[in-house]
Amino acid sequence: MQLAELERLEHLRRDAQRAQDLGDGARGAEQLASSHGADELWRQIRQQADRLKQLNRLNGFVISQRMEHNQRAIDFLERAVGGSVYGRNGQAKPKNFSGISSRV
C-alpha cells in the first residue's frame with residue numbers, strides 16, 4: 001500500500017471518530033472499531049504497526065552504525081594521505097595512497 005493511500009485512510013478514520021464524538025486519540029479509534037465489530041482487525045493493525053515501529057528503529061540503528069563505520073574509514077584514509085580524500089565537489093581526489101599499509 002502506498003503512503004498516500006495510508007494517509008487517506010487515516011484521514012477517513014479520524015473523520016469517522018469525530019463524527020461519532022469519539023475524539024482523535026487511540027481510545028476513540030478502539031471505540032470506532034468496536035462499534036463496527038472490527039475489534040480483532042483493529043488489534044491486528046495495531047500489532048502490525050507496533051512491529052513496523054520496532055523494525056524502523058532497528059533499521060535506523062543499523063544505518064547509524066554503518067554511517068559511523070564509514071566516517072571512521074574516511075577519517076583513517078584522511079590521516080593516511082595527510083589530508084582530505086575528497087574534493088569540494090565530493091569526488092575522490094587523485095592522491096598517492098602510499099601511506100597506507102595493507103599489512104596488519
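Summary table below
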| read-out | value |
| --- | --- |
| Extreme residue, surrounded by the most Cβ atoms within 10 Å (Cβ to Cβ), among residues of the stretch 26-47 that are part of a loop (DSSP other than H, G, I, E, B) and not aliphatic (A, V, I, L, M) | H36 |
| Residues that are at pLDDT 90 or above, of a type in the set (G, A, S) and either surrounded by 10 or more Cβ atoms within 10 Å (Cβ to Cβ) or not in a helix (DSSP H, G or I) (or both), drawn from the stretch 1-25 | A16 |
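The values are calculated or read from the model by the stated rules, or taken from the named source; none is laboratory data. None of the values given here were measured: they were computed from a predicted structure. Quick reminder, even Gly has a Cβ in these numbers, built from the backbone with ideal geometry, and neighbours come from all protein chains shown.
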